[in-house]
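Okay, structure first, notes after.
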Amino acid sequence: MDPRGFPTSLPEFQKVFPDDTACKEYLENIRWPDGFICPACNLKAEPFRFATRSSTVLRCRECKKNTSLTAGTVMHSSHTPLSTWFWAAYLVTTQTPGQSALQFQRQLGLSRYETAWAILQKLRSGMVRPDRDTIGGEYMVECDECLIGGNSRGTGRGKHQMVNVVAAVEVRLRKEDEDRAAKRNQKHDGGKPLKRMFYAGRLRLRVIPNRNTAVVTRFVQENVTVGSTIRTDAFAGYAPLTSLGYVHQPLALNGDPEKAEAHLPMVHLVISNLKTWIMGTHHGAIAHYHLQAYLNEFQYRFNRRFYPMTAFNSVLGIAAKTLSPRYEDLYSGVWAHPS
Ligand SMILES: [Zn+2]
(Lines give C-alpha, C1' and ligand atoms only; values in the text may rest on other atoms or scores of the structure.)
Protein backbone atom coordinates (compact mmCIF):
# COMPACT_ATOMS: atom_id res chain seq x y z
CA MET A 1 0.00 0.00 0.00
CA ASP A 2 1.13 3.45 -0.98
CA PRO A 3 1.55 5.83 2.03
CA ARG A 4 -1.45 7.79 0.76
CA GLY A 5 -3.59 4.69 0.94
CA PHE A 6 -3.68 3.84 -2.74
CA PRO A 7 -3.21 0.17 -3.66
CA THR A 8 0.11 -0.66 -5.27
CA SER A 9 -0.72 -4.11 -6.61
CA LEU A 10 -3.67 -5.76 -8.29
CA PRO A 11 -4.45 -8.15 -5.38
CA GLU A 12 -4.35 -5.18 -3.03
CA PHE A 13 -6.59 -3.26 -5.36
CA GLN A 14 -9.12 -6.06 -5.45
CA LYS A 15 -9.15 -6.15 -1.66
CA VAL A 16 -9.84 -2.42 -1.45
CA PHE A 17 -12.48 -2.47 -4.20
CA PRO A 18 -14.02 -5.94 -3.90
CA ASP A 19 -17.49 -4.93 -5.12
CA ASP A 20 -19.66 -2.11 -6.42
CA THR A 21 -20.51 -0.95 -2.92
CA ALA A 22 -16.85 -0.18 -2.20
CA CYS A 23 -16.64 1.74 -5.48
CA LYS A 24 -19.76 3.74 -4.64
CA GLU A 25 -18.31 4.63 -1.24
CA TYR A 26 -15.15 5.82 -2.95
CA LEU A 27 -17.08 8.03 -5.39
CA GLU A 28 -19.20 9.49 -2.63
CA ASN A 29 -16.20 10.14 -0.43
CA ILE A 30 -14.32 11.98 -3.14
CA ARG A 31 -17.24 14.19 -4.02
CA TRP A 32 -18.47 14.84 -0.47
CA PRO A 33 -15.56 14.22 1.89
CA ASP A 34 -17.57 15.77 4.75
CA GLY A 35 -20.85 14.05 3.97
CA PHE A 36 -23.51 14.32 1.28
CA ILE A 37 -24.78 17.78 0.39
CA CYS A 38 -27.75 17.94 -1.97
CA PRO A 39 -26.73 19.85 -5.11
CA ALA A 40 -30.34 20.97 -5.59
CA CYS A 41 -31.26 22.38 -2.15
CA ASN A 42 -27.88 22.38 -0.34
CA LEU A 43 -29.22 20.31 2.54
CA LYS A 44 -26.44 18.50 4.36
CA ALA A 45 -28.01 15.28 5.54
CA GLU A 46 -27.68 11.56 5.08
CA PRO A 47 -29.47 10.79 1.76
CA PHE A 48 -31.79 7.91 0.91
CA ARG A 49 -29.96 5.07 -0.76
CA PHE A 50 -31.28 2.32 -2.98
CA ALA A 51 -30.50 -1.25 -2.26
CA THR A 52 -30.15 -2.52 -5.82
CA ARG A 53 -26.62 -3.42 -6.70
CA SER A 54 -26.50 -1.23 -9.78
CA SER A 55 -28.05 1.92 -8.32
CA THR A 56 -25.67 4.85 -8.09
CA VAL A 57 -28.37 7.30 -7.02
CA LEU A 58 -28.58 9.25 -3.77
CA ARG A 59 -31.93 10.92 -2.98
CA CYS A 60 -32.23 14.06 -0.90
CA ARG A 61 -34.44 13.68 2.22
CA GLU A 62 -35.79 17.18 1.84
CA CYS A 63 -36.37 17.97 -1.84
CA LYS A 64 -36.41 14.32 -2.98
CA LYS A 65 -34.13 15.10 -5.93
CA ASN A 66 -31.89 12.29 -7.18
CA THR A 67 -28.15 12.81 -7.57
CA SER A 68 -26.09 10.32 -9.53
CA LEU A 69 -22.70 9.33 -8.18
CA THR A 70 -21.41 8.74 -11.69
CA ALA A 71 -22.61 11.99 -13.28
CA GLY A 72 -19.75 13.61 -15.15
CA THR A 73 -17.62 10.45 -15.10
CA VAL A 74 -16.93 7.96 -17.89
CA MET A 75 -19.06 5.43 -15.99
CA HIS A 76 -22.26 7.42 -16.38
CA SER A 77 -25.16 5.47 -17.93
CA SER A 78 -22.93 2.47 -18.58
CA HIS A 79 -24.27 -1.04 -17.98
CA THR A 80 -20.83 -2.24 -16.93
CA PRO A 81 -20.53 -2.62 -13.13
CA LEU A 82 -18.54 0.07 -11.33
CA SER A 83 -16.08 -2.50 -10.03
CA THR A 84 -15.20 -3.47 -13.61
CA TRP A 85 -14.60 0.16 -14.51
CA PHE A 86 -12.44 0.63 -11.43
CA TRP A 87 -10.42 -2.45 -12.16
CA ALA A 88 -9.99 -1.43 -15.78
CA ALA A 89 -8.84 2.06 -14.83
CA TYR A 90 -6.33 0.58 -12.42
CA LEU A 91 -4.89 -1.74 -15.07
CA VAL A 92 -4.71 0.99 -17.67
CA THR A 93 -3.05 3.60 -15.50
CA THR A 94 -0.61 1.57 -13.48
CA GLN A 95 0.59 -1.38 -15.50
CA THR A 96 3.69 -0.43 -17.38
CA PRO A 97 3.07 -2.53 -20.48
CA GLY A 98 -0.37 -1.05 -21.08
CA GLN A 99 -3.25 -3.18 -22.17
CA SER A 100 -4.58 -4.40 -25.46
CA ALA A 101 -8.31 -4.97 -25.59
CA LEU A 102 -7.82 -8.72 -25.72
CA GLN A 103 -5.55 -8.88 -22.64
CA PHE A 104 -8.03 -6.66 -20.98
CA GLN A 105 -11.04 -8.79 -21.78
CA ARG A 106 -9.25 -11.82 -20.33
CA GLN A 107 -8.07 -10.06 -17.19
CA LEU A 108 -11.48 -8.63 -16.41
CA GLY A 109 -13.27 -11.83 -17.32
CA LEU A 110 -15.54 -10.00 -19.73
CA SER A 111 -17.59 -12.16 -22.04
CA ARG A 112 -17.54 -9.74 -24.94
CA TYR A 113 -14.47 -8.34 -26.65
CA GLU A 114 -16.51 -5.30 -27.69
CA THR A 115 -17.17 -4.39 -24.04
CA ALA A 116 -13.47 -4.52 -23.24
CA TRP A 117 -12.67 -2.44 -26.30
CA ALA A 118 -15.30 0.17 -25.48
CA ILE A 119 -14.10 0.51 -21.87
CA LEU A 120 -10.54 0.88 -23.03
CA GLN A 121 -11.46 3.51 -25.60
CA LYS A 122 -13.34 5.54 -23.01
CA LEU A 123 -10.49 5.38 -20.54
CA ARG A 124 -8.00 6.29 -23.25
CA SER A 125 -10.04 9.31 -24.20
CA GLY A 126 -9.18 10.63 -20.75
CA MET A 127 -5.49 10.11 -21.47
CA VAL A 128 -5.14 11.84 -24.81
CA ARG A 129 -5.45 15.33 -23.42
CA PRO A 130 -1.96 16.68 -23.87
CA ASP A 131 -0.12 18.04 -20.85
CA ARG A 132 0.09 21.70 -21.67
CA ASP A 133 2.77 23.12 -19.41
CA THR A 134 6.36 23.25 -20.58
CA ILE A 135 9.06 21.06 -19.04
CA GLY A 136 12.64 21.88 -18.06
CA GLY A 137 13.25 25.09 -16.17
CA GLU A 138 15.46 24.11 -13.24
CA TYR A 139 15.84 20.61 -14.69
CA MET A 140 18.06 19.72 -17.60
CA VAL A 141 16.24 18.27 -20.62
CA GLU A 142 17.47 15.56 -22.99
CA CYS A 143 16.02 15.67 -26.49
CA ASP A 144 16.32 13.16 -29.32
CA GLU A 145 14.40 11.71 -32.26
CA CYS A 146 13.73 8.12 -33.24
CA LEU A 147 11.85 6.04 -35.79
CA ILE A 148 8.82 4.13 -34.58
CA GLY A 149 6.82 1.43 -36.29
CA GLY A 150 8.01 -0.08 -39.50
CA ASN A 151 6.30 -3.39 -38.88
CA SER A 152 6.20 -4.76 -42.37
CA ARG A 153 3.56 -7.45 -41.89
CA GLY A 154 1.27 -7.61 -44.86
CA THR A 155 3.21 -5.23 -47.04
CA GLY A 156 6.62 -6.88 -47.11
CA ARG A 157 8.52 -3.65 -46.79
CA GLY A 158 9.90 -1.95 -43.72
CA LYS A 159 11.40 1.47 -43.74
CA HIS A 160 8.72 3.39 -45.57
CA GLN A 161 6.32 2.74 -42.70
CA MET A 162 8.60 4.19 -40.06
CA VAL A 163 7.40 7.37 -38.39
CA ASN A 164 9.62 10.10 -36.96
CA VAL A 165 9.05 10.78 -33.28
CA VAL A 166 10.79 13.41 -31.18
CA ALA A 167 11.13 13.08 -27.41
CA ALA A 168 12.15 15.43 -24.62
CA VAL A 169 12.56 14.32 -21.03
CA GLU A 170 13.63 16.05 -17.83
CA VAL A 171 16.59 14.73 -15.92
CA ARG A 172 16.06 15.10 -12.20
CA LEU A 173 18.38 14.49 -9.30
CA ARG A 174 16.98 12.40 -6.47
CA LYS A 175 16.37 14.59 -3.43
CA GLU A 176 18.35 12.43 -1.04
CA ASP A 177 21.21 12.40 -3.52
CA GLU A 178 21.44 16.17 -3.77
CA ASP A 179 22.81 16.20 -0.23
CA ARG A 180 25.05 13.26 -0.91
CA ALA A 181 26.40 14.89 -4.08
CA ALA A 182 27.10 18.09 -2.19
CA LYS A 183 28.88 16.19 0.56
CA ARG A 184 30.84 14.07 -1.85
CA ASN A 185 32.11 17.06 -3.77
CA GLN A 186 33.42 18.49 -0.55
CA LYS A 187 35.12 15.35 0.69
CA HIS A 188 36.05 12.66 -1.80
CA ASP A 189 35.53 11.46 -5.34
CA GLY A 190 34.54 7.87 -4.63
CA GLY A 191 31.12 6.46 -3.90
CA LYS A 192 28.03 5.82 -5.95
CA PRO A 193 28.27 6.41 -9.72
CA LEU A 194 26.67 9.74 -10.50
CA LYS A 195 24.42 8.25 -13.18
CA ARG A 196 22.31 6.35 -10.66
CA MET A 197 21.39 9.49 -8.81
CA PHE A 198 19.21 10.66 -11.66
CA TYR A 199 15.71 9.77 -12.67
CA ALA A 200 13.42 10.84 -15.48
CA GLY A 201 11.05 13.71 -14.79
CA ARG A 202 8.32 14.80 -17.18
CA LEU A 203 8.19 13.56 -20.74
CA ARG A 204 6.95 15.03 -24.03
CA LEU A 205 6.51 13.01 -27.23
CA ARG A 206 5.40 14.08 -30.69
CA VAL A 207 5.01 12.54 -34.12
CA ILE A 208 6.86 14.75 -36.62
CA PRO A 209 6.59 14.70 -40.40
CA ASN A 210 10.38 14.98 -40.85
CA ARG A 211 13.54 16.06 -39.04
CA ASN A 212 13.77 19.52 -40.51
CA THR A 213 15.26 22.26 -38.35
CA ALA A 214 11.98 24.16 -38.22
CA VAL A 215 10.11 21.04 -37.07
CA VAL A 216 12.43 20.01 -34.23
CA THR A 217 12.97 23.56 -32.98
CA ARG A 218 9.21 24.20 -32.94
CA PHE A 219 8.78 21.05 -30.84
CA VAL A 220 11.36 22.32 -28.37
CA GLN A 221 9.85 25.80 -28.25
CA GLU A 222 6.36 24.45 -27.59
CA ASN A 223 7.45 21.94 -24.95
CA VAL A 224 10.54 23.18 -23.14
CA THR A 225 10.73 26.32 -21.01
CA VAL A 226 12.97 28.99 -22.55
CA GLY A 227 16.26 29.23 -20.68
CA SER A 228 16.42 25.51 -19.89
CA THR A 229 19.54 23.49 -20.49
CA ILE A 230 18.99 21.06 -23.38
CA ARG A 231 21.19 18.17 -24.39
CA THR A 232 20.96 16.81 -27.93
CA ASP A 233 23.11 14.81 -30.28
CA ALA A 234 25.20 16.56 -32.92
CA PHE A 235 22.28 16.85 -35.37
CA ALA A 236 22.43 20.28 -37.00
CA GLY A 237 18.67 20.75 -36.69
CA TYR A 238 19.15 21.76 -33.07
CA ALA A 239 21.76 24.44 -33.88
CA PRO A 240 19.30 27.39 -33.52
CA LEU A 241 18.47 26.49 -29.89
CA THR A 242 21.11 28.80 -28.45
CA SER A 243 19.82 31.78 -30.38
CA LEU A 244 16.29 30.85 -29.24
CA GLY A 245 17.30 31.32 -25.61
CA TYR A 246 18.23 27.79 -24.51
CA VAL A 247 21.48 26.59 -23.00
CA HIS A 248 22.30 24.07 -25.68
CA GLN A 249 24.70 21.21 -24.96
CA PRO A 250 25.08 19.25 -28.20
CA LEU A 251 27.20 16.14 -28.41
CA ALA A 252 30.56 16.80 -30.10
CA LEU A 253 30.30 16.14 -33.85
CA ASN A 254 32.78 13.27 -33.86
CA GLY A 255 31.06 11.56 -30.92
CA ASP A 256 30.96 7.76 -31.11
CA PRO A 257 27.86 5.77 -30.08
CA GLU A 258 29.19 5.16 -26.57
CA LYS A 259 29.65 8.87 -26.02
CA ALA A 260 26.12 9.49 -27.32
CA GLU A 261 24.86 6.96 -24.79
CA ALA A 262 26.62 8.76 -21.97
CA HIS A 263 25.39 12.12 -23.22
CA LEU A 264 21.70 11.18 -23.57
CA PRO A 265 21.09 8.19 -21.27
CA MET A 266 17.63 9.18 -20.08
CA VAL A 267 15.96 9.94 -23.39
CA HIS A 268 17.47 6.79 -24.91
CA LEU A 269 16.03 4.73 -22.07
CA VAL A 270 12.60 6.28 -22.52
CA ILE A 271 12.65 5.70 -26.28
CA SER A 272 13.70 2.11 -25.74
CA ASN A 273 10.80 1.57 -23.31
CA LEU A 274 8.40 3.22 -25.71
CA LYS A 275 9.48 0.92 -28.54
CA THR A 276 9.17 -2.12 -26.29
CA TRP A 277 5.64 -1.10 -25.31
CA ILE A 278 4.55 -0.48 -28.87
CA MET A 279 6.07 -3.71 -30.16
CA GLY A 280 5.06 -5.78 -27.15
CA THR A 281 1.56 -4.67 -26.37
CA HIS A 282 0.46 -3.65 -29.79
CA HIS A 283 2.82 -5.76 -31.87
CA GLY A 284 3.84 -2.63 -33.71
CA ALA A 285 0.50 -2.68 -35.46
CA ILE A 286 -0.42 0.94 -34.95
CA ALA A 287 -1.57 3.00 -37.90
CA HIS A 288 0.38 6.24 -38.41
CA TYR A 289 -2.62 8.40 -37.76
CA HIS A 290 -3.17 6.69 -34.40
CA LEU A 291 0.42 6.85 -33.23
CA GLN A 292 0.15 10.27 -31.56
CA ALA A 293 -2.75 8.99 -29.42
CA TYR A 294 -0.57 6.10 -28.26
CA LEU A 295 2.32 8.44 -27.58
CA ASN A 296 -0.06 10.56 -25.49
CA GLU A 297 -1.13 7.47 -23.56
CA PHE A 298 2.47 6.44 -22.91
CA GLN A 299 3.33 9.99 -21.89
CA TYR A 300 0.29 10.23 -19.63
CA ARG A 301 1.19 7.07 -17.73
CA PHE A 302 4.87 7.94 -17.61
CA ASN A 303 4.28 11.44 -16.22
CA ARG A 304 1.98 10.11 -13.52
CA ARG A 305 3.88 6.99 -12.53
CA PHE A 306 4.51 8.49 -9.09
CA TYR A 307 0.87 9.62 -8.85
CA PRO A 308 -1.17 6.47 -9.45
CA MET A 309 -4.25 7.80 -7.70
CA THR A 310 -4.30 10.95 -9.79
CA ALA A 311 -4.00 8.93 -12.96
CA PHE A 312 -6.72 6.56 -11.79
CA ASN A 313 -9.22 9.29 -10.85
CA SER A 314 -8.47 11.27 -13.93
CA VAL A 315 -9.18 8.53 -16.50
CA LEU A 316 -12.43 7.71 -14.74
CA GLY A 317 -13.37 11.38 -14.95
CA ILE A 318 -13.59 11.68 -11.18
CA ALA A 319 -10.79 14.16 -10.64
CA ALA A 320 -11.74 16.75 -13.21
CA LYS A 321 -14.85 18.04 -11.53
CA THR A 322 -13.89 17.89 -7.90
CA LEU A 323 -10.15 18.36 -7.63
CA SER A 324 -7.49 20.81 -8.65
CA PRO A 325 -5.82 20.00 -11.97
CA ARG A 326 -2.33 20.31 -10.52
CA TYR A 327 -1.49 16.68 -10.15
CA GLU A 328 1.10 17.25 -7.45
CA ASP A 329 -1.73 18.48 -5.23
CA LEU A 330 -4.31 15.91 -6.06
CA TYR A 331 -3.58 13.10 -3.69
CA SER A 332 -3.31 15.05 -0.49
CA GLY A 333 -5.49 12.85 1.66
CA VAL A 334 -8.80 13.51 -0.10
CA TRP A 335 -9.50 9.86 -0.20
CA ALA A 336 -10.41 7.89 2.89
CA HIS A 337 -9.75 4.20 2.70
CA PRO A 338 -13.08 2.34 2.62
CA SER A 339 -13.00 0.04 5.62
ZN1 LIG B 1 -32.28 18.50 -1.77
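If we sort 229-238, 62-71 on the protection proxy, mean other Cβ atoms within 10 Å, highest first, what's the order?
229-238, 62-71
Thr229: net charge of surrounding residues, Cβ under 14 Å, Lys/Arg +1, Asp/Glu -1, itself excluded?
Net local charge, Thr229 excluded: -1.
Calculate what fraction, in whole %, of the accessible area of segment 1-87 sits on carbon and sulfur atoms when a 1.4 Å probe is rolled over the protein chains.
Its accessible area is 52 percent carbon and sulfur atoms.
How do 289-301, 205-217 rank on mean C-beta neighbours within 10 Å, highest first?
Going from most to least packed, we get 289-301, 205-217.
What is the gain in length, in nm to one decimal, between Ala252 and Lys275 on full extension, counting 0.36 nm per residue of separation less the C-alpha to C-alpha distance?
On the way: separation 23, 0.36 × 23 = 8.28 nm, distance 2.64 nm.
Length gained, Ala252 through Lys275: 5.6 nm.
The values are calculated or read from the model by the stated rules, or taken from the named source; none is laboratory data. Everything numeric here is computed off the predicted structure, so don't read it as measured data. Cβ atoms come from the backbone with ideal geometry, glycine included; neighbour counts cover every protein chain shown. Note: accessible area is taken over every heavy atom of the protein model, side chains too, but ligands, DNA and RNA are not part of it. Shrake-Rupley method; radii C 1.70, N 1.55, O 1.52, S 1.80 Å.
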